[in-house]
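S.K.: Below is the structure I would like to discuss, written out as C-alpha cells.
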Amino acid sequence: MNTDNKLIYEGKAKKIFANKNTKEVIVEFKDDATAFNAAKKSTFEGKGELNCFISETIFKYLINQNIPTHYIKSNSKSSFIAQRVDIIPIEVVVRNTAYGSICKQTNIKAGTVFNEPLFDFYYKDDDLNDPLLTLDRILLMNIIEQEELIFIKKLTNKINLILIEFFSNIQLKLVDFKVEYGRNNKGEIVLADEFSPDNCRLWDLKSNNGKIKSLDKDRFRHDLGDLIEAYSEISNRIKKIY
C-alpha cells in the first residue's frame, strides 16, 4: 500500500486506508485469520487476495442486481476502492440452515433447514463480545431508526435470495452469513464491509458421502482442513461460472 495513504482503521482481517478522493477509502484484505473473538489467530499466505477476489465478484454481482453497496472498483489483488461510509454498529446474521451458535443457544438441531430465513441482530462491539440484540434494545440504544431497520432487513432478505442462487450455481449451499451496513456521504444505507468465506458458512454440494464439507472459516475454527485449499476451491468455481 502506498505510504501516502493514511491508515484509518485496522480490524482482524482488513485495513482501511484513506484515498486521494476523500469520499473514498481503500479496503485491503490481510492474510490473518481469527476465531472466537480473536482468541485463536493465525496467518495464511494468499488468504487476503482470495477474500478480495471473492468479495469483489459478489459485490459486482449484487450491484448488477440493484443492491446498493460501498464497492466502487478494484485497486490491487488484495484491495479495492469503496465509498467512505459510517458503519452502523449492527451485524446482521442470516441463517438458512441451523448450525453453530443457534444450536448451542436453543434446542434446534444442527442441519435443520428453516422454512423462512432467521434474522439475528448483534451489537458490533468486541469489548461486549457482540451481544444479541432485540428490536426494543436497538431502539432503546438509539442505534438506528425503526424504518431504517426494516429497510435493512428487507435488503438483507433480497441479498440472501440472490446469493443462495449465486452459490447454488457453483454447487455450494449458503448456510448462513453476516453482513454490515454503513451510511455514505449522501446518507444512503449501503452494504459495506466484505462478503467472503470469512463471514459466511458454505457447504459443498458436491460431497456425496453424507458428511458436511465446509469450505469456509469453520475449517480454521474447528481444524477441519486446509483453509487456503477451501478458499481457492470457491475462487476457482466462481471463475468458471462468473
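Here, each number is a calculation from the coordinates, and none is a lab measurement. Not measured: the values here are computed from a predicted model. All Cβ positions, even for glycine, are placed from backbone atoms using ideal geometry, and neighbour counts span all protein chains on display.
S.K.: Please give the per residue volume of the convex hull enclosing the alpha carbon atoms of the chain, rounded to a whole number of Å³.
M.R.: Values: hull volume 33.2 nm³, N = 242.
Convex hull volume per residue, Cα atoms: 137 Å³.
S.K.: Roughly how far apart, in whole Å, are the Cα centres of region 102-145 and region 57-99?
M.R.: Each part's Cα centre sits 20 Å from the other's.
S.K.: Just to confirm the filter: which chymotrypsin sites (Phe, Trp or Tyr not before Pro) across region 34-97 are DSSP coil and have at most 10 other Cβ within 10 angstrom of their Cβ?
M.R.: Details: sites: PHE36, PHE44, PHE53, PHE59, TYR61, TYR71, PHE80; in loops: PHE36, PHE44.
Filter output for region 34-97: PHE36.
S.K.: Taking all pairs of different Cα atoms in region 122-242, averaging 1/r and flipping that mean, what Kirkwood radius in angstroms comes out? Write down the numbers at each step before the final one.
M.R.: Working: mean 1/r = 0.0607 Å⁻¹.
After inverting the pairwise mean of 1/r, the radius is 16.5 Å.
S.K.: Which aspartates and glutamates, on any chain, are close to LYS23 with Cα under 17 Å apart, when same-chain ones fewer than 8 places away are left out?
M.R.: Cross-link targets: ASP4, ASP86, GLU188, ASP193.
S.K.: Hey, what do the phi angles of region 228-242 turn into as Karplus ³J(HN,Hα) couplings, whole Hz, using 6.51/-1.76/1.60 and θ = phi - 60°, x for Gly and Pro?
M.R.: 3J(HN,Hα) across region 228-242, in whole Hz: 5, 4, 5, 5, 5, 4, 4, 4, 5, 5, 4, 4, 6, 9, 10.
S.K.: Further question: P(r) of region 126-175 in 10 Å steps, Cα pairs, percent per bin?
M.R.: Going out from 0 Å in 10 Å bins, region 126-175 shows 21, 32, 30, 16, 1 percent.
S.K.: While we're looking at this one, here's another question. Please arrange SER232, SER214 by counting, for each residue, the other beta carbons lying within 10 Å of its beta carbon, fewest first. Write out the running numbers ahead of the final one.
M.R.: On the way: SER232 15, SER214 21.
Least crowded to most crowded, the residues run SER232, SER214.
S.K.: Can you list the residues of region 166-187 with backbone N under 20 Å from a point 7 Å past the Cα of LYS240, pointing along Cα to Cβ?
M.R.: 166-175
S.K.: Inverting the mean 1/r over all pairs of different Cα atoms, compute the Kirkwood radius of region 7-83 and quote it in Å.
M.R.: 13.2 Å
S.K.: I need to check one value: relative contact order of the chain, counting alpha carbon pairs closer than 8 Å and at least 6 residues apart, in percent.
M.R.: Values: 421 pairs, mean separation 42.7, N = 242.
Computed over the chain, the figure is 18 percent.
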